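Visitor: Sharing a structure with you now.
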Amino acid sequence: MFRSGSIQSHLTLRDKIFSLDLTLTICIFLIGIISFFAMYSTDGGQFAYHTKSHIIRFIIFFTLFFVISFIKTSFWYGSATLFYLGVLFLLILVKYVGLTSSGSQRWLDLYFLNLQPSELMKIGLILFLAKYYHKISSGDVNKFRYLAQPLLALLFPVILVITQPDLGTSFLIAVGGVIVVWLAGVKMKFFAYLGGLFLLSAPVAISFLKPYQKSRILTFIDPSRDPLGAGYQITQSKIAIGSGGLFGKGFLDGSQSYLDYLPEKHTDFIFTLFSEEFGFFGSMTILMIYILITWRIVNIGHTLRTSFGKLYCYSFATAFFIYVAVNMGMVLGLIPIVGAPLPIMSYGGSSMMAIMIGLGIVMSCKIHKDQSLG
Amino acid sequence: MISDSGGSSKIRLIGRRMFILTAAKAVVVFGVVGRLISLQINESKKYKTLSDKNRFREWRFAPPRGIIKDYFGEEIASNQKVFQLHLIPENAENLSTLIFRLKNILKMSDNAVSKIQKKIKSQKPWDPVIVSDNLTWAEFSRINLFLHELQGVEPIISVARVYREQSSSHVIGYVSKISKKDLQQKNYLANMKAAGMRVGKTGLENKLDSEIIGDVGHKRYEVNAFGKRIKEVSIDQGKNGKSYKTTLDLELQNLSSNLLKDKAGSICVMDIYRGDIITMVSSPTFDPNKFVHGISTKDWKELISHRDKPLVNKAISGLYPPGSTIKGLVAISALENDVVNTKMVQQCSGSIELYGEKFHCWKKKGHGFVDMRKAIKESCDVYFYEVARRLGIDRLSETARAFGLGDTMVKGFKEEKIGVVPNTKWKKQRIGKSWYLGETLHSGIGQGYWQTTPMQLCLMTARIANGGYDVEPRIVLGERSKFSIFAEKKKNPKSLEEFFNSDKSNEFDDTTIDLGYKPLFRNQENINFVKEAFFGATNEPGGTSYGSRLSKKEFMFAGKTGTSQVRRITEKQRELEIKNEDLPYEQRDHSLYVAFAPYNEPLYSISVVVEHGGSGSKTAAPIAKKVIKKLLERHPLRQQVHNNYKGEDV
């Protein structure tokens, strides 16, 4: 197989459609369909605002996913740096003209949608670093000069997002970046240094945390500390999921969600709602689809021959998995509430757009795997 | 051209590191799945319970019922403060110890305790259970003394129905806990679920229930998963029930009730023009307050097994043959149908033989030669046998129906009986046999198949007394009747006012047509003749109720006695001349009396029935006399209240 096919210079649209990864496409579509039902339920069993808007977004971004897939990988490779810098520019712009909601300045008003650049940065950073490590030789990876640039590229947006403040997203951006660096072969000791530095700076960082953020972390450690305040979300989410049992309470019958006991049920807690209504089997189904998506992306990565493709696919697959894991861990009460959406399921245009772009580039790599990046 | 730097070694490194990441992912997946299993399978039961508790809590409370007043504004059914004890199971530390302690403090029976336990099981743990809805002051203070040790109970001051007089127990009715039957029959009760809710069961309480009950109020709390109230979300005070003024006169009710003490029977008084029921009393009476908080089995059994059926409203549910009180009606029917004239003379020798049967007059020696006036005045049976024979049962029953017999007349009283107005068709349908002529004769003196309620007799007398117009009874002020329809139309309000204040009100001239009443006569002379004969019966020597007359001119009344047999008198018994008092109670005659007063300007009609009270002149007429006296004494007061009304609302 290796190098058996000649490097094709041209693919027809028909070829491209046929070389789409069917499993991955179907899984994305399935998650989309499930999310419609979940959204319909959060709207109280009515075809209301959130449901309509979620469906429209899914249609738009699912189309975007195909469009991106059909564009040559070399284009994405070539524009990786520009994409990163562009999103970085938007992040800086948010600092000045961003919209503020519940004390956090995260959004740009683009009239047709409120763009959250930090979500795009999740992809932007992975893309940028994958290209960066594609270019340098494996011998240079652990040289200090070549360590500084990725570190800066990672820290700059992360700090920008932390100060919005948005702890959850900045953490997810950082995780995505660290994964690329790790996969590129940076030695363990550097991660150890970085970890040590992080621990040392933690007390300083904590002093910068907003009271609600501190409270969330403390509450995670002891949820009964304040059952009516910050521990409320965790407690309610656990009750909702637990009360779902094996088969759930039935579609539109999630009493927890219906009685407004679930906070942010459209966004971060959409999994809770689904779990309550469809029980253990429902939760497992969703989890399995996400695992399948991750597995397919990794699989695509296996077939690629360029380190850019491999780095990007592996990193994105891992980041995607971590988004899912963090969201589920959060609603299951395994980790503190940090504010991380569940990919595609959660209501939110920017998050869905970022994920679809990310998936689109993966698919582009698959379709154009036999073409050079040049 | 940018190409891959590092080649295959780099790609191998990436693959190796990816393998480590994949392993890490597997661990995370196990973690998430494990957590899902633990939450949704292992601990699902616990979280289901928590989820159930995780709701808004609603505390609904019953509104105070509307008050029922008499014509003068006296409260007949009102509300009083009561001390209640509520228990909220989920707030109790140890439910069984708590119940045990309450049992000791309140000295509750085992039965009551098991009832409470059953109630607790049947509802949500945050719904309050009423341990006692009417604590005595002593119990209430004892509870308050121990309150700090009784976590989960709440002493509450609430309002409950109270009936101050037992004289009106039947007409007012009573309230009690909602039964399944109530829920089926009264749709509005579906939204009325609240602790301590009571529903009208009989009488006006039942008739007016949907309005008098009010609207349930609620307090809604948002509670967290631990059952603690976070905040009051909404409060709705509900709506107090609508209050009603009735046409009753509480003082007359009390007097009438007293007059019937130790007797079984009833007294009805009615305004002959407006149809206002002024008195509706049944005896023996009962304490309606016992039903409000749940009657004890012992008291219930006592009421149910009582010989004289205290729970039955005899005024509208008691059925009696009208006896001689019907004679006025028989006379009217015969005169209107031109069967006889008032001059007809019949010889009464104590009995008459017809169709091979012997028909007796109450007076064994006979009345001699009697005309119609004398026959009414002295209540000659033989005369009316002859009248009835000529008239026939079907024409008589027609007149009887026109004058209000054989139908329910007091709207909305489910306990009211229609009675029986016999005729040939009725007998064929109900008994399946042809009519015998002999039965017509019995019917002519109000015996045989006749079944009437005291209220029907009172209405019949009212329709005679007002000159023969179809006045209809009413008991709730402002309720529609022909009279109030007229008032609403305001066709001729001035003449109406004049009419009731004028001296002519007894003469029912053309203005009466404006009242919306239909005349029941062909020739009003016939009605007036009977009225005059009633006068003779009461105010002339030899009249059956002469002994009970009121001689003061403005109090003079006119009435007709009735003695209705409850058994067939055998020839042998007639020979022996057994006195009524010597018979067993159940075989004694019913004593009846109907009258209108004052004679010169009739305003009111009255009927008195005393079960097994002997002859009408001996028992019922003297009672009627006392009631009439009081009634007429109170008339100016009543007239004053009437004149002060602006519209007939409360």
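The values are calculated or read from the model by the stated rules, or taken from the named source; none is laboratory data. For clarity, every value in this text was computed on a predicted model and none was experimentally measured. Quick reminder, even Gly has a Cβ in these numbers, built from the backbone with ideal geometry, and neighbours come from all protein chains shown.
Visitor: Tell me yes or no: at least one residue of segment B:418-437 is under 30 Å from B:L208 (Cα atoms), within 33 Å of the chain's Cα centre (by Cα) and in contact (Cβ under 8 Å) with a residue 60 or more places away in the chain. Break it down into steps so the answer makes sense when it comes.
Guide: Taking segment B:418-437 as the starting set, the residues that turn out to be under 30 Å from B:L208 (Cα atoms) are B:418-421.
Now drop any that are not within 33 Å of the chain's Cα centre (by Cα), which leaves B:418-421.
Restricting the remaining residues to those that are in contact (Cβ under 8 Å) with a residue 60 or more places away in the chain gives B:419-420.
Looking through segment B:418-437, at least one residue is under 30 Å from B:L208 (Cα atoms), within 33 Å of the chain's Cα centre (by Cα) and in contact (Cβ under 8 Å) with a residue 60 or more places away in the chain.
Visitor: Output yes when any residue across segment B:436-449 is in contact with a helix residue (DSSP H, G or I) (Cβ under 6 Å, 6 or more places away or on another chain), part of a helix (DSSP H, G or I) and among the small types (G, A, S), and no when none is. Walk me through it before giving the result.
Guide: Step one: filter segment B:436-449 for residues in contact with a helix residue (DSSP H, G or I) (Cβ under 6 Å, 6 or more places away or on another chain), giving B:440-441, B:443-446, B:448.
Checking the rest, the ones that are also part of a helix (DSSP H, G or I) come to B:440-441, B:443-444.
Adding the requirement that they be among the small types (G, A, S) leaves B:443-444.
So far as segment B:436-449 goes, yes, one or more of its residues are in contact with a helix residue (DSSP H, G or I) (Cβ under 6 Å, 6 or more places away or on another chain), part of a helix (DSSP H, G or I) and among the small types (G, A, S).
Visitor: Tell me yes or no: at least one residue of segment A:282-294 is small (G, A, S) and within 11 Å of another protein chain (Cβ to nearest Cβ).
Guide: At the first step, the residues of segment A:282-294 found to be small (G, A, S) are A:282-283.
Adding the requirement that they be within 11 Å of another protein chain (Cβ to nearest Cβ) leaves A:282-283.
For segment A:282-294, residues small (G, A, S) and within 11 Å of another protein chain (Cβ to nearest Cβ): present.
Visitor: Here are some residues: A:F75, A:F112, A:F65. Which one is at pLDDT 95 or above and out of contact with any strand residue (DSSP E or B) (no Cβ under 6 Å at 6 or more places or on another chain)?
Guide: Values: A:F75 fails: at pLDDT 95 or above; A:F112 fails: at pLDDT 95 or above.
Criteria check complete, one pass: A:F65.
Visitor: For segment B:1-120, which helices (runs of 4 or more DSSP H) that fit wholly inside it have 2 or more residues that are at the interface with chain A (Cβ under 9 Å from one of its Cβ atoms) and either modelled with pLDDT of 80 or more or surrounded by fewer than 17 Cβ atoms within 10 Å (Cβ to Cβ) (or both)?
Guide: On the way: elements: B:7-37, B:44-53, B:95-106.
Helices (runs of 4 or more DSSP H) meeting the threshold: B:7-37, B:44-53.
Visitor: What's the total number of residues in segment A:110-155 that are within 20 Å of A:G349 (Cβ to Cβ), touching a residue at least 12 places away in the same chain (Cβ under 8 Å) and assigned to a loop (DSSP other than H, G, I, E, B)?
Guide: Result for segment A:110-155: 2.
Visitor: If you don't mind, another one. Step by step: first the residues of segment A:245-272, then only those that are within 18 Å of B:E43 (Cα to Cα) and of a type outside the set (S, T, N, Q), then the one that is modelled with the lowest pLDDT. Which residue is that?
Guide: A:G254
Visitor: Next question, about the same structure. Can you tell me which residue among B:S176, B:S167 is in the same structural domain as B:G238 (by TED's automatic domain parsing), buried (at least 19 other Cβ atoms within 10 Å of the Cβ), part of a loop (DSSP other than H, G, I, E, B) and under 16 Å from the mean Cα position of the chain (by Cα)?
Guide: Of the residues listed, the single one that is in the same structural domain as B:G238 (by TED's automatic domain parsing), buried (at least 19 other Cβ atoms within 10 Å of the Cβ), part of a loop (DSSP other than H, G, I, E, B) and under 16 Å from the mean Cα position of the chain (by Cα) is B:S167.
Visitor: Could you grab me the full set of residues in segment A:356-374 that are of a type outside the set (S, T, N, Q) and either in a loop (DSSP other than H, G, I, E, B) or surrounded by fewer than 21 Cβ atoms within 10 Å (Cβ to Cβ) (or both)?
Guide: Just the residues of segment A:356-374 that are of a type outside the set (S, T, N, Q), to begin with: A:356-363, A:365-370, A:373-374.
Passing the criteria: A:H368, A:K369, A:D370, A:L373, A:G374.
Visitor: Where residues in segment A:156-190 are aromatic (F, W, Y) and in contact (Cβ under 8 Å) with a residue 60 or more places away in the chain, which of them is nearest to the other protein chains (Cβ to nearest Cβ)?
Guide: Within segment A:156-190, the subset aromatic (F, W, Y) is A:156, A:171, A:182, A:190.
So of that shortlist, the ones also in contact (Cβ under 8 Å) with a residue 60 or more places away in the chain come out as A:156, A:171.
Numbers: A:F156: 24, A:F171: 15 Å.
Filtering segment A:156-190 for residues that are aromatic (F, W, Y) and in contact (Cβ under 8 Å) with a residue 60 or more places away in the chain, the one nearest to the other protein chains (Cβ to nearest Cβ) comes out as A:F171.
Visitor: Does segment A:332-355 contain any residue that is within 9 Å of chain B (Cβ to nearest Cβ) and surrounded by fewer than 24 Cβ atoms within 10 Å (Cβ to Cβ)?
Guide: Here is the first cut: in segment A:332-355, the residues within 9 Å of chain B (Cβ to nearest Cβ) are A:332-334.
Those left that are additionally surrounded by fewer than 24 Cβ atoms within 10 Å (Cβ to Cβ): A:333-334.
There is at least one residue in segment A:332-355 that is within 9 Å of chain B (Cβ to nearest Cβ) and surrounded by fewer than 24 Cβ atoms within 10 Å (Cβ to Cβ).
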